[in-house]
Amino acid sequence: MKILVVLEHDQEQLRPGSLSAIGFANDLARQSGGEVLSLLLGDSLDLLAREAAQFVPVITASSPLLADPLADRHAHVIADVAGNRQVDLVVAASSTYSRDVVSRAGGLLGGAMASDIVAHSWIDGRLEMKRPMYAGAI
């Protein structure tokens, strides 16, 4: 399984949720014998790319056009990278950004997004994810 982690940042450092997403992706890769890559979007990303490279290989999409996190623009880049790299799963932190951007990328790729995952397991060679539903009631 090839996994792509979409990294979030504030132009100065990675957001803590992205580090959790890397941990989740690394766990899945260990269990499936897969590999993890990460994607950093924005402008002037050298320092952030060095920080992220401590944890996982990094692909950067750096352009002044990506400086502002516009959902459609970022979603197209994520979908292009995922398609070109033949990624099986795109992972991101649970945030407003990922709900907006990653869900759009999933649609462009012909897939769907599962948000707020609280547990996962492999059952008969398939990844099963659990998430709360109905505002956490079930």
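The values are calculated or read from the model by the stated rules, or taken from the named source; none is laboratory data. On a predicted model such as this, the values are computed, not experimentally measured, just so you know. In this analysis, Cβ positions are derived from the backbone assuming ideal geometry, glycine residues included, and neighbour counts consider all displayed protein chains. Just the protein is used for accessible areas: all its heavy atoms, side chains included, with ligands, DNA and RNA removed. Shrake-Rupley method; radii C 1.70, N 1.55, O 1.52, S 1.80 Å.
Which shape class, rounded, prolate or oblate, goes with the range 83-138 when its Cα gyration tensor gives a ≥ b ≥ c as root eigenvalues, a/c under 1.5 marks rounded, and past that a/b bigger than b/c marks prolate? The partial results should precede the final answer.
Numbers: a/c = 2.31, a/b = 1.18, b/c = 1.96.
Cα axes put the range 83-138 in the oblate bin.
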Note to self: Over the chain, with a Gaussian network built from C-alpha contacts below 10 Å, which listed residue (Ser32, Ser98, Ser115) shows the highest mean-square fluctuation?
What the structure shows: Ser32
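For the range 1-62, give me the percentage of DSSP beta bridges that are antiparallel, rounded to the nearest 5 percent. Working shown, then result.
Working: 1 of 12 bridges.
Expressed as a percentage, antiparallel bridges in the range 1-62 total about 10.
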Item checked: Spin-label proximity, Lys2 to the range 58-77 - amide N less than 16 Å from point 7 Å beyond Cα toward beta carbon -> 58-60
Next item on the list: Kindly write out, for the range 87-93 in residue order, the coupling ³J(HN,Hα) from the Karplus curve 6.51 cos²θ - 1.76 cosθ + 1.60 (θ = phi - 60°), rounded to whole Hz, with x marking Gly and Pro.
Entry: 7, 8, 8, 9, 10, 8, 5
Checklist line | Gaussian network model of the chain, springs between alpha carbon atoms under 10 Å - residue of Gly33, Gly23, Gly106 with greatest fluctuation | finding: Gly33
Item checked: GNM result for the chain, Cα springs below 10 Å: residue of Gly110, Gly17, Gly125 fluctuating most strongly -> Gly125
Next item on the list: Could you list which residues have their amide H under 5 Å from that of Glu35, counting only those 5 or more apart in sequence or on another chain, with H placed in the peptide plane?
Entry: Lys2, Ile3
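What size of dipole, in debye to the nearest 20, comes out for the range 75-138 about its Cα centre when the only charges are +1 on Lys and Arg C-beta atoms and -1 on Asp and Glu C-beta atoms?
Details: 6 positive and 6 negative charges, 17 e Å.
Charge dipole of the range 75-138: 80 debye, to the nearest 20.
Can you work out the FRET efficiency for the pair Thr96 and Ser44, with r the C-beta to C-beta distance and R0 = 35 Å, to the nearest 0.05? Let's see the in-between values first.
Values: r = 23 Å, r/R0 = 0.66.
Computed FRET efficiency for Thr96 and Ser44 comes out at 0.90.
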Next item on the list: Determine the per residue accessible area of the chain with all protein chains present and a 1.4 angstrom probe, expressed in square angstrom.
Entry: 57
Next item on the list: Translational diffusion coefficient, Stokes-Einstein: compute it for the range 1-136 using the Kirkwood radius over C-alpha pairs as Rh, at 37 °C and 0.692 mPa s, and state it as an integer in µm² s⁻¹.
Entry: 217
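Using the Cα centre of the chain as the reference point, and only Cβ charges (+1 on K/R, -1 on D/E), how large is the resulting charge dipole? Debye, rounded to the nearest 20. Before the final figure, lay out the partial values.
Numbers: 11 positive and 16 negative charges, 76 e Å.
Here the chain has a charge dipole of around 360 debye.
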Notebook entry, point to check: Which of the listed residues, Leu127, Leu66, Ser44, is farthest toward the dipole's positive end in the chain, when Lys, Arg count +1 and Asp, Glu count -1 at the beta-carbon?
Noted result: Leu127
Note to self: With the cut-off at 1.5 for a/c, could you classify the range 26-81 from its C-alpha gyration tensor as rounded, prolate or oblate?
What the structure shows: oblate
